[in-house]
Amino acid sequence: MRVRTRGYWLYLAPSLVLFVVVVVVPFLMNVGASFTRWSGVGTPRWIGFDNYARLLRDERFWQSFQHNVGLIVAMAVVPTAIGLVLASALFDYVAKRFGTRTAATLRAMYYLPQVLPVAVAGVVWGWMLHPSYGAVNQIFHLDLDWLGDPDLALATVMAVMVWFQLGYPVVIFMAGLQRVDPAYYEAAEIDGASWFRKFWHITIPQIRPEIFVVLLTCTIAALKVFGPIFVLTRGGPGNATMVPSYFSYLNFFQKSNVGYGSAVATVLALIIIVVTFLFLRVQERAQ
Amino acid sequence: MVRLRGAAALAAAVLVLSACGSGAETPPSASAAQPRVLKLWHYETPDSAMGKAWAEAIKKFEASHPNVTVKFESKGFEQIQKTASMVLNSDEAPDIMEYNKGNATAGLLSKQGLLTDLTEEAAKRGWDKLLPGGLQTTAKYDDRGVMGSGNWFGVPNYGEFVMVYYNKDLFEKHKVPVPATFEEFTAALDTFVKAGVTPIANAGAEYPAQQIFYQLALTKAQKPWLAAYQSYQGKVDFHGPELTYGAQTFADWVKKGYIAKNSSGLKAEDMGVAFMNGKFPMMISGSWWYGRVASEVKDFEWGHFLFPGATLSPGSSGNLWIVPEKSKNKDLAYDFIDITMSKDIQNLLGNSGGLPVAADPAAITDARSKELIETFNKLTSTDGLAFYPDWPAPGYYDVLVAGVQNLINGSKTPAQVLDEIAKPYEDNLQDIGN
């Protein structure tokens, strides 16, 4: 038995080395830098927990986490909920009534935003939401400053993120539905169950692992979101759409405040690790 | 046996590596005839005045240095801005590079020991004579990285300033004379607003709005205030008359409709394109737009004037040529800077819509360029360059963007915005010299 275990370690060794070099070492270096005052060049000065103490008092940092909660709703909760209904409708209704090709085409269309580079999607949405000549205002005869009004900006970014994320759960859930035994649905139909009852009592419990995976990966994506914020608002107007990763980036590259930026990144990484751990525990229990 | 083979391989690898190392350490200037490479980075677009001038300078340099090849790499402004300290601290540093000027940029790098001290070369090659006093400010930095005194760590060879671009056709249509005083300027703004036209093109998500705010503060500012704000030679009261006037007037201008309420999320490009499309009678922005406005505006006549009622305008020398401390070909870098300072290149810069610092006035034949250079000379002769509002502290650009966006949206009062921008400024004061 012992010999066999050793054999497995040999296969795992390359990825383990890669993991240590690419993830563990940089993370530990980042943690180390977070205890220093450092501009990124020269000798870092050890300041203990000062950066963390400063973080606790920093209004912008806490504000950025509040915005993160909104983005978790927009990037994980809402797309999962809508994705479930859409995937189920495509699988149960569209595929049966209009053929699998139609369902596949619609699925691809929902997935299209995921294929687009975030910079391209951001620039296009920037044009569409332009207060003077943007298509959204023109079509709906509105005069709103979607990304420039602090009361609207976060909600607008959230709406764009729902559009951006939606295709991912749809594709995953449709793949999940392929493995559900059709006998469950047939039995339910014989019993006269409505579509909603089948959805609630068969679809959701059967694809629970996929729902967990989607919620977990989308929550992590929302916690570390950077690209869409950079392209759409750069954290503004004011700090209305500031998120921790952009806040960290500002400290690293704009302020040459590498120590403080590292502290933000460390806290963010720890939060992501804790969230992941909690999700996995809940999933284990549910199974 | 295996161990022995491993040791032999390791020894061979060490030998090969050390051979590479020793080769790399050979001074490149060991022989004058030996082929050499000058690594040069800049971020000017090829169709800009500087892009054209630097391309010609590279040609001239290669002609006068037959054994040297210039390896030019075009970089983005943001790309260099965000990575400069890391690149210059590595062995990948170029021999000469264009870099942004000011305390938070070139000053920070000089303090970090990443830039070559050019004081001796500036005196030897006469660069110090070619640059008028105000333009030397951004070339020199003290031990704390504060501009204006100390050693030369960069060489600027063009200038820039903020002015008011105006649409002559719209001015004529609404019977608005070109304003010479601040009162005439606000009267002109009122006339446009009454006619249902928003007079000033603006962009709150990038630099334009903060430059308007700063320009308004400058109408009340004197030199000592400027020295305090930009060079920390005194205490800056953020609720003093200058900044209070700037913030309050800016907010009033939004309320009065001089500046659009929906401009807080717009980028500089939106502002420039809107002005060039004839949608706004005025745009308050820098000379860096001049060449583009000249080449793209075909449908209306346009002109420019200095902001009325102020002796100071945002502006400075252009970006700097810096020589990284790790440059392996410093002598060549100095030669290249010398060529960019030569009359030929400076005249080309001037005739392409740029603001040369050492051109021959008689050689500037383009009428528009001549007009621009005359305005710039008027400003520099009175020492009227006031630099830019975001220079005093690293990361201050974003602080000002956020602050001015709050003024546009009316989500914070001018006093609250001033508190908000005061804090990072004060925090930075404690960092200077550390």
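For the range A:44-66, give me the residue count where each residue is in contact (Cβ under 8 Å) with a residue 24 or more places away in the chain, open to solvent by less than 70 Å² (accessible area, probe 1.4 Å) and in a helix (DSSP H, G or I).
Here the count works out to 8.
Can you give me the number of residues within the range A:26-37 that are open to solvent by 50 Å² or more (accessible area, probe 1.4 Å), over 25 Å from the mean Cα position of the chain (by Cα) and away from every other protein chain (no Cβ under 11 Å)?
1
Restricting attention to the range B:241-300, which residues are open to solvent by 10 Å² or more (accessible area, probe 1.4 Å), in a loop (DSSP other than H, G, I, E, B) and closer than 23 Å to A:H130 by Cβ?
B:G257, B:A260, B:G265, B:L266, B:K267, B:N277, B:G278, B:K279, B:F280, B:V297, B:D299, B:F300, listed by residue number.
Those residues that are open to solvent by 40 Å² or more (accessible area, probe 1.4 Å) and within 13 Å of another protein chain (Cβ to nearest Cβ), I need them from the range B:113-143; list them, please.
Within the range B:113-143, just B:G113 meets the criteria.
List the number of the failed condition for A:L144; all other conditions in (1) assigned to a helix (DSSP H, G or I); (2) open to solvent by 60 Å² or more (accessible area, probe 1.4 Å) hold.
Failing condition for A:L144: (1).
Taking into account only those residues within the range B:382-401 that are part of a helix (DSSP H, G or I) and open to solvent by 10 Å² or more (accessible area, probe 1.4 Å), which is farthest from the other protein chains (Cβ to nearest Cβ)?
B:V399
Can you tell me which residues in the range A:236-252 are touching a residue at least 40 places away in the same chain (Cβ under 8 Å) and within 11 Å of chain B (Cβ to nearest Cβ)?
A:G236, A:P237, A:G238, A:N239, A:A240, A:T241, A:M242, A:Y246, A:F247, A:F252
Given the criterion closer than 25 Å to B:A203 by Cβ and surrounded by fewer than 24 Cβ atoms within 10 Å (Cβ to Cβ), identify the matching residue among B:T375, B:T365.
B:T375
Could you check the range A:253-266 and list, in sequence order, the residues that are free of Cβ contacts under 8 Å to residues at least 40 places away in the same chain and either small (G, A, S) or more than 12 Å from every other protein chain (Cβ to nearest Cβ) (or both)?
Residue satisfying the conditions is A:G261 alone.
Go through the residues of the range A:176-198 one by one and say whether even a single one is farther than 25 Å from A:N68 by Cα and within 22 Å of the chain's Cα centre (by Cα).
Yes: the range A:176-198 contains one or more residues that are farther than 25 Å from A:N68 by Cα and within 22 Å of the chain's Cα centre (by Cα).
Name the single residue, out of those in the range B:261-298 being within 11 Å of chain A (Cβ to nearest Cβ) and among the acidic types (D, E), that is farthest from B:S316 (Cα to Cα).
Only one residue tops the list, namely B:D270.
Which of the residues belonging to the range B:80-89 are free of Cβ contacts under 8 Å to residues at least 40 places away in the same chain and either more than 10 Å from chain A (Cβ to nearest Cβ) or buried (at least 21 other Cβ atoms within 10 Å of the Cβ) (or both)?
The answer is B:I80, B:A84, B:V87.
So is A:L116 away from chain B (no Cβ under 14 Å) and within 23 Å of A:V78 (Cβ to Cβ) or not?
yes
Considering only residues that are under 17 Å from the mean Cα position of the chain (by Cα) and of a type in the set (V, I, T), look in the range A:223-244 and name the one that is surrounded by the fewest Cβ atoms within 10 Å (Cβ to Cβ).
That would be A:V231.
Check off (1) open to solvent by less than 50 Å² (accessible area, probe 1.4 Å); (2) assigned to a loop (DSSP other than H, G, I, E, B); (3) closer than 21 Å to B:H42 by Cβ for B:P179 and give me the number that stays unchecked.
(3)
Which one of these is farther than 25 Å from B:V87 by Cα and exposed (fewer than 12 other Cβ atoms within 10 Å of the Cβ): A:V21, A:V69?
Every option except A:V69 fails the conditions.
Quick one: which of A:V17, A:V73, A:V78 is away from chain B (no Cβ under 14 Å) and farther than 30 Å from A:W195 by Cα?
A:V17
Starting from the range B:95-110, keep only residues that are farther than 18 Å from B:E44 by Cα and within 12 Å of chain A (Cβ to nearest Cβ), then list their pairs with residues that are open to solvent by less than 10 Å² (accessible area, probe 1.4 Å) and part of a helix (DSSP H, G or I) whose Cβ atoms are within a distance under 7 Å, requiring at least 6 positions of separation or different chains.
Short answer, once both residue conditions are applied: B:A104/B:Y396; B:L109/B:A84; B:L109/B:L88.
Output the residues belonging to the range B:144-176 that are open to solvent by 50 Å² or more (accessible area, probe 1.4 Å), assigned to a helix (DSSP H, G or I) and not basic (K, R).
Hits for the range B:144-176 are B:D169, B:E172.
Could you list, ordered by first residue, the pairs with Cβ atoms under 8 Å in which the first is in the range B:132-155 and under 21 Å from B:N377 (Cβ atoms) and the second is assigned to a loop (DSSP other than H, G, I, E, B) and open to solvent by 20 Å² or more (accessible area, probe 1.4 Å), at least 6 apart or interchain?
B:P132/B:V357; B:G133/B:D383; B:G134/B:D383; B:L135/B:V357; B:T137/B:G148; B:A139/B:F153
Let me confirm something: among B:D360, B:D335, which residue is open to solvent by 30 Å² or more (accessible area, probe 1.4 Å), without any contact (Cβ under 8 Å) to a residue 40 or more places away in the chain and on the phi < 0 side of the Ramachandran plot?
Result: B:D360 is the single residue among B:D360, B:D335 that is open to solvent by 30 Å² or more (accessible area, probe 1.4 Å), without any contact (Cβ under 8 Å) to a residue 40 or more places away in the chain and on the phi < 0 side of the Ramachandran plot.
This table checks each residue for (1) surrounded by fewer than 15 Cβ atoms within 10 Å (Cβ to Cβ); (2) modelled with pLDDT of 95 or more; (3) closer than 23 Å to B:G286 by Cβ.
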site	(1), (2), (3)
B:T186	no, yes, yes
B:T191	no, yes, no
B:I200	no, yes, yes
B:Y207	no, no, yes
B:I212	no, yes, yes
B:A217	no, yes, yes
B:K220	no, yes, yes
B:W225	no, yes, yes
B:G234	yes, no, no
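Which condition from (1) surrounded by fewer than 21 Cβ atoms within 10 Å (Cβ to Cβ); (2) more than 30 Å from B:K330 (Cα to Cα); (3) in contact (Cβ under 8 Å) with a residue 40 or more places away in the chain; (4) among the small types (G, A, S) is the one that B:G196 breaks?
Only one criterion is unmet by B:G196, namely (3).
The values are calculated or read from the model by the stated rules, or taken from the named source; none is laboratory data. All values reported here derive from a predicted model rather than from experimental measurement. Ideal geometry is used to build each Cβ from the backbone, glycine not excepted, and the neighbour counts take in all protein chains shown. When the accessible area is computed, the model is the full protein with side chains, heavy atoms only, and any ligands, DNA or RNA have been set aside. Shrake-Rupley method; radii C 1.70, N 1.55, O 1.52, S 1.80 Å.
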